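Q: The structure is given below, and queries will be raised subsequently.
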Amino acid sequence: MEFIDTHSHLYDEAFAGEEDLALQRSIEAGVTRIIFPDIDSQSRAAMFSFADRHKENIFPCAGLHPTSVNADWEREMMEVEKHLDRKIIAIGEIGIDCYWSKEFLEQQKEVFRIQLETASRLDLPVIIHSRESTELIINILKDLRHLGLRGAFHAYSGSKETYRELDRLGDWYIGIGGVLTYKKASIAETVKSIPIDKILLETDSPYLTPVPFRGKRNESSYIPHIAQKLSELTGTSIQEIAATTTENAQKLFKI
Ligand SMILES: [Zn+2]
């Protein structure tokens with residue numbers, strides 16, 4: 001079985017000096033392709049240099065993360081611009097985060113719109129980070145419907161109604177990760193209403209570690225545990241989960 005981790009930060013300093021080992025473990029677990037969403041100028045160089053060393057396995061994105069939007073956002077966006085002509089497979093991760101802080105909410109919205117326009121101009125998919133912001137994000141996507149956007153909703157925690165709304169808005173995929181394995185996670189119920197051909201697997205490593213490793217650093221090699229849980233919840237074989245989610249990621253990100 002082969003898997004794609006569509007959202008991983010193996011370049012994070014949590015892996016300092018052990019990134020290559022973590023990648024090796026992933027490949028051994030069948031997670032042969034990994035997508036790296038960008039955060040900001042602090043970690044970008046590490047992300048691209050890791051990706052450049054493993055072009056067959058790692059696929060980087062460019063974008064400014066909503067929690068990195070602050071008074072300095074214009075300078076940060078100029079930094080993102082510098083990388084748009086290299087080989088990136090998506091604009092991300094971008095979005096709105098009202099959980100950590102609303103101090104720069106207006107700037108977050110502006111930066112999100114700018115980056116959605118960039119994705120449309122470059123004909124790239126987007127990876128959306130949405131935390132306590134689903135309605136704001138859906139409203140912006142409705143507003144920009146003419147841009148013909150497509151992409152992934154990372155760490156999806158919305159309802160099945162929200163999924164239906166998204167589905168009417170265009171070609172949107174749902175990123176499912178370790179939260180699925182947590183007790184009382186509402187996504188465990190919601191996921192039964194989302195067609196498998198719209199689901200992407202992701203770890204968000206080093207965060208959101210699946211059971212039975214919860215509490216430890218998360219890494220891409222844990223994807224099969226998420227797939228196994230999805231298999232149990234949906235009554236679909238793990239082989240079919242692997243094949244379909246891999247195909248979905250290949251289609252969306254053209255990898
Ligand atoms: Zn992320």
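The values are calculated or read from the model by the stated rules, or taken from the named source; none is laboratory data. Note that this is a predicted model, so its numbers are computed, not measured. Note: ideal-geometry Cβ built from the backbone for every residue, glycine included; neighbour counts use all protein chains shown. The accessibility values were calculated without ligands, DNA or RNA, using every heavy atom of the protein model including side chains. Shrake-Rupley method; radii C 1.70, N 1.55, O 1.52, S 1.80 Å.
Q: Could you pull out the residue among D97, D38 that is within 29 Å of Q228 (Cα to Cα), at pLDDT 95 or above and either of a type in the set (D, E, K, R) or open to solvent by 10 Å² or more (accessible area, probe 1.4 Å) (or both)?
A: On the way: D97 fails: within 29 Å of Q228 (Cα to Cα).
Of D97, D38, the one residue that is within 29 Å of Q228 (Cα to Cα), at pLDDT 95 or above and either of a type in the set (D, E, K, R) or open to solvent by 10 Å² or more (accessible area, probe 1.4 Å) (or both) is D38.
Q: In this structure, is F50 surrounded by 15 or more Cβ atoms within 10 Å (Cβ to Cβ), out of contact with any Asp or Glu (no Cβ under 7 Å at 6 or more places or on another chain) and of a type outside the set (S, T, Y)? Outline the logic, then answer.
A: Details: surrounded by 15 or more Cβ atoms within 10 Å (Cβ to Cβ): yes; out of contact with any Asp or Glu (no Cβ under 7 Å at 6 or more places or on another chain): no; of a type outside the set (S, T, Y): yes.
No, not satisfied.
Q: Kindly check whether there is at least one residue in the stretch 131-141 that is part of a loop (DSSP other than H, G, I, E, B) and touching a Phe, Trp or Tyr at 6+ places or on another chain (Cβ under 6 Å). So that I can check it myself, show each step before the final result.
A: Going residue by residue through the stretch 131-141, those that are part of a loop (DSSP other than H, G, I, E, B) are 132-133.
When the remaining residues are screened for being touching a Phe, Trp or Tyr at 6+ places or on another chain (Cβ under 6 Å), the result is 132.
The answer is yes, given that some residue of the stretch 131-141 is part of a loop (DSSP other than H, G, I, E, B) and touching a Phe, Trp or Tyr at 6+ places or on another chain (Cβ under 6 Å).
Q: Being in a helix (DSSP H, G or I) and among the basic types (K, R) is the filter here; which residues of the stretch 142-157 pass it? Give the steps one after another, and end with the answer.
A: So in the stretch 142-157, the residues in a helix (DSSP H, G or I) come out as 142-143, 145-147.
K142, R145, listed by residue number.
Q: When you go through K87, K109, K102, K142 one by one, which is the residue that is exposed (fewer than 13 other Cβ atoms within 10 Å of the Cβ) and more than 21 Å from L10 (Cα to Cα)?
A: K142
Q: Could I ask something else about it? I'd like the residue in the stretch 59-72 that is without any contact (Cβ under 8 Å) to a residue 40 or more places away in the chain and more than 13 Å from I94 (Cα to Cα) and, out of all such residues, is least open to solvent (accessible area, probe 1.4 Å).
A: P60
Q: If E117 passes every condition in (1) part of a helix (DSSP H, G or I); (2) within 15 Å of the ligand (Cβ to nearest atom) but one, which one does it miss?
A: (2)
Q: Please go through the stretch 86-114 and pick out each residue that is aromatic (F, W, Y) and either more than 16 Å from the ligand (Cβ to nearest atom) or without any contact (Cβ under 8 Å) to a residue 12 or more places away in the chain (or both).
A: Filtering the stretch 86-114 for residues aromatic (F, W, Y) gives 99-100, 104, 112.
The one that is aromatic (F, W, Y) and either more than 16 Å from the ligand (Cβ to nearest atom) or without any contact (Cβ under 8 Å) to a residue 12 or more places away in the chain (or both): F104.
Q: Any chance you could count how many residues in the stretch 122-176 are charged (D, E, K, R) and within 17 Å of the chain's Cα centre (by Cα)? Give the derivation first.
A: Just the residues of the stretch 122-176 that are charged (D, E, K, R), to begin with: 123, 131-132, 135, 142-143, 145, 150, 160-161, 164-165, 167-168, 171.
Cutting the leftovers down to within 17 Å of the chain's Cα centre (by Cα) gives us 131-132, 150, 171.
So the count comes out to 4.
Q: Which ranges mark the helices (runs of 4 or more DSSP H) fully within the stretch 1-82 that have 3 or more residues being within 15 Å of the ligand (Cβ to nearest atom)?
A: Those helices (runs of 4 or more DSSP H) span 44-53.
Q: I need the helices (runs of 4 or more DSSP H) fully contained in the stretch 158-255, keeping only those with at least 3 residues that are open to solvent by less than 20 Å² (accessible area, probe 1.4 Å), polar (S, T, N, Q) and modelled with pLDDT of 95 or more.
A: Working: elements: 160-169, 187-190, 223-234, 238-253.
Fully inside the stretch 158-255 and qualifying: 238-253.
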